[in-house]
Amino acid sequence: QVQVVESGGGLVQPGGSLGLSCAASGSIFSINAMAWYRQAPGKQRELVATITSDGGTSYSSSVKGRFTISRDNAKNTVYLQMNSLKPEDTTVYYCYVEVDPRGSGYYFGYWGQGTQVTVSS
């Protein structure tokens, strides 16, 4: 079994910064891509940022230049540093991790429980 746990959400003022982290644990042979999504009530889940196993990154246009995704492979952890936050960044952020549990070469997707980010004065 694989567990994915996010941390770091909270309340921040517009223009401020906040960092999220997400750690995967359990039956893990290797991890492929790691990503952050967000979902506002009544809206579809939106891909925010992705990082590949060799460190390649991509961002949605709404966060590019403000958010930075990174990973620590030794800790099976992915991070999201969010700067210049805006009220419209307020929502629940989810971590997504692609895990090969047994070294079979097949990867399965696992979601975290979500962490709330609120940008407000």
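The values are calculated or read from the model by the stated rules, or taken from the named source; none is laboratory data. If you're wondering where the values come from, they're calculated on a predicted model, not measured in any experiment. No Cβ is skipped: glycine too gets one built from the backbone with ideal geometry, and neighbour counts run over all protein chains shown. Remember, those area values only see protein heavy atoms, side chains included, never the ligands or the DNA or RNA. Shrake-Rupley method; radii C 1.70, N 1.55, O 1.52, S 1.80 Å.
For the chain, what's the relative contact order in percent, using C-alpha pairs closer than 8 Å and at least 6 residues apart? Intermediate results must be reported in sequence, preceding the final value.
Numbers: 307 pairs, mean separation 44.1, N = 121.
Relative contact order here is 36 percent.
Using R₀ = 30 Å, calculate the FRET efficiency as 1/(1 + (r/R₀)^6) where r is the Cβ-Cβ separation of Leu11 and Arg102; round to 0.05.
Values: r = 41 Å, r/R0 = 1.36.
That pair, Leu11 with Arg102, gives E of 0.15.
Mind checking segment 70-121 for chymotrypsin sites (Phe, Trp or Tyr not before Pro) that DSSP puts in a loop (not H, G, I, E or B) and that have at most 14 other Cβ atoms within 10 Å?
Tyr106
Taking all protein chains in place and a 1.4 Å probe, what share, in percent, of the accessible surface of the chain do carbon and sulfur account for? Mind dumping the intermediate values first?
Values: 3060 of 6350 Å².
Looking at the chain in its full context, I get 48 percent from C and S.
Out of every Cα pair in segment 27-72, what percent are spaced more than 15 Å from each other? The partial results should precede the final answer.
Working: 509 of 1035 pairs.
Roughly 49 percent, rounded to a whole number.
Summarise the long-distance tail of P(r) for the chain by giving the % of C-alpha pairs beyond 26 Å. Write down the numbers at each step before the final one.
Working: 1290 of 7260 pairs.
It works out to 18 percent of all Cα pairs.
Which ³J(HN,Hα) values, rounded to whole Hz and listed in residue order, are derived for segment 81-87 from phi using the Karplus coefficients 6.51, -1.76 and 1.60 in 6.51 cos²θ - 1.76 cosθ + 1.60 with θ = phi - 60°, glycine and proline given as x?
Result, rounded to whole Hz: 8, 10, 10, 6, 5, 10, x.
Using a 1.4 angstrom probe, figure out how much accessible area the chain has per residue, in square angstrom, rounded to the nearest whole. Don't skip to the end; give the middle numbers.
Numbers: 6350 Å² over 121 residues.
Here the per-residue accessible area is 52 Å².
Round to the nearest 0.05 the FRET efficiency obtained for Ser60 and Gln113 when R0 = 30 Å and r is the Cβ-Cβ distance.
Efficiency computed from Cβ-Cβ geometry: 0.90.
Taking the Cα centre of the chain as origin, sum charge times position over the Cβ atoms of Lys and Arg (+1) and Asp and Glu (-1), and report the length of that vector in debye to the nearest 20.
Values: 9 positive and 8 negative charges, 31 e Å.
Charge dipole, the chain, about its Cα centre: 160 debye, nearest 20.
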